[in-house]
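The values are calculated or read from the model by the stated rules, or taken from the named source; none is laboratory data. For clarity, every value in this text was computed on a predicted model and none was experimentally measured. Cβ placement follows ideal geometry from the backbone for every residue including glycine, while neighbour counts extend to all protein chains displayed. Note: accessible area is taken over every heavy atom of the protein model, side chains too, but ligands, DNA and RNA are not part of it. Shrake-Rupley method; radii C 1.70, N 1.55, O 1.52, S 1.80 Å.
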Amino acid sequence: MASKEYGVNLDALDQLVKELNQVLKDMGGPKDKAKNQTYLPDGALGKGFDERGKLHNAHNEMKDFIQNQIVDKIEGLVDDFGKKSQKTKDAYADAEHDNTMK
């Protein structure tokens, strides 16, 4: 029975890492908007009515949720996958280098 060899396309892994790093750079826009461009001053919704405080608090809670539960988690996931992809690529490149030296 003939043995089957499996190959890993190191260029494809390298391209994946580059694209994931670009995604992380691109995440700066949404992250900045979620953090800095959704500020709502305390009196912006008016004054003297009961719902004003509830609306202001709801805005702040949603802002925090978008920043911490959505944008930061997506960014962390992409970063983790990129780092693991880089480690995988490096390990295969090292193994390929070791095999060519034998």
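Say whether the condition of being of a type in the set (Val, Ile, Thr) and more than 26 Å from the chain's Cα centre (by Cα) is met by at least one residue in segment 81-100. Yes, because at least one residue in segment 81-100 is of a type in the set (Val, Ile, Thr) and more than 26 Å from the chain's Cα centre (by Cα). So, Lys63, is that one free of Cβ contacts under 8 Å to residues at least 60 places away in the same chain, surrounded by 12 or more Cβ atoms within 10 Å (Cβ to Cβ) and under 29 Å from Leu77 (Cα atoms) or not? When the stated conditions are applied, Lys63 passes them. Reported count of residues in segment 57-97, each being under 30 Å from Leu45 (Cβ atoms) and small (Gly, Ala, Ser), is 1. For segment 3-37, give me each residue that is outside any loop (DSSP other than H, G, I, E, B), under 19 Å from Lys89 (Cβ atoms), in contact with a helix residue (DSSP H, G or I) (Cβ under 7 Å, 6 or more places away or on another chain) and among the hydrophobic types (A, V, I, L, M, F, W, C). Listed by number, the residues that qualify are Leu10, Leu13, Leu16, Val17, Leu20, Val23, Leu24.
Just one residue in the set Leu77, Leu40 is exposed (fewer than 14 other Cβ atoms within 10 Å of the Cβ) and part of a loop (DSSP other than H, G, I, E, B); that residue is Leu40. Within segment 81-102, being open to solvent by 70 Å² or more (accessible area, probe 1.4 Å) and modelled with pLDDT of 90 or more holds for Phe81, Lys83, Lys84, Lys87.
For segment 1-35, filtered to residues that are open to solvent by less than 90 Å² (accessible area, probe 1.4 Å) and at pLDDT below 80, the residue that is farthest from the chain's Cα centre (by Cα) is Ala2. Count of segment 65-80 residues, restricted to those that are within 15 Å of the chain's Cα centre (by Cα) and aromatic (Phe, Trp, Tyr), is 0.
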